[in-house]
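Asks: Sharing a structure here in C-alpha cells format.
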Amino acid sequence: MDASMAQGTRDDSKTYLVVSHCNNLAIRLLAKSIETQRGVSCTAITRDDLFCDQIQDDLVLINVLDFPSAEIERLLGRIQERMPLCRVILVNADRGDNIFFLLNWPVVKGVIYQQDNDTLISKAIDVVCKGRSWFPRNYMDYLVRHRKTPTRCGHVFESLTSRERQMLDHVVRGMSNNEIADALCLSTHTVKAHLQSLYRKVGVKNRVGVMRWVHENHLEEEGR
C-alpha cells in the first residue's frame, strides 16, 4: 500500500460503515475492531441512512461485499453529488478487482482489501483521516503519471465525461449494451449515444477499438 497526496489534516471526524444489514455479526465485529484500533466511534448504517443531513465531511466506509458493483457506483455518484467533502474508503475489496472505475469518483480516498489485518486497516483509516489517500502503489503511480505527463492518452482520458468514463469501464469489463443500460438505469439508446461519443474521443470505431486503446496504453493493468 502507498499513502500519498496530502491535503491537510483532520482526524476528528466520525466514522460510518455502510452495509446492507446492520445486524450482521461480521459487520459488528469489523465496526468493533475499528473502534478498538482507533479509539473512536464507528457506526454501522444502511445506505438509506447515509444521506441524512448530519453526515457531511465525515469518513464513510462502504462494505463492497454487501453491494453489486453497479450499486456501488450509484452510491458513489450520490455521495459525490450530495456530500462532496465526505471521504470514502471501500472495505473488503478483492485484490483481483479492477479499481480503474474509481477514477470517476474523486470522493473515494482509499481501498482496504479482505486480506488486510486490523493494524493495516487502522493505518489506512488514519492516513485518510489526515487528508491523504490509501491505494495500491501501482494505482497511485498511474494517477501521478497521468496527471503530470501530457501524453495523448492522458489528454483524451481527461476529456472524457464522468458518464463516458463509466462506459469505458463497463466496456473493459466486457459488458453488453443491455447490461450497461441495466447497471446504470439508462435506455439502450442513451448507452449507444454515450458509446459513440466515447469512440469519437478515443479515435476508434467500436468496442474492439476501445479494448485495443486500453491495452496499448496499459490502462487495464495500471488501473488495478
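Asks: Round to the nearest 0.05 the FRET efficiency obtained for residue 117 and residue 205 when R0 = 45 Å and r is the Cβ-Cβ distance.
Replies: Efficiency computed from Cβ-Cβ geometry: 0.40.
Asks: At a 10 Å Cβ-Cβ cut-off, how would you order 58, 169, fewest neighbours first?
Replies: By the 10 Å Cβ count, ascending: 58, 169.
Rule-based calculations on the coordinates, nothing more; no lab input. Just so you know, these numbers come straight off a predicted model, no measurement behind them. In this analysis, Cβ positions are derived from the backbone assuming ideal geometry, glycine residues included, and neighbour counts consider all displayed protein chains.
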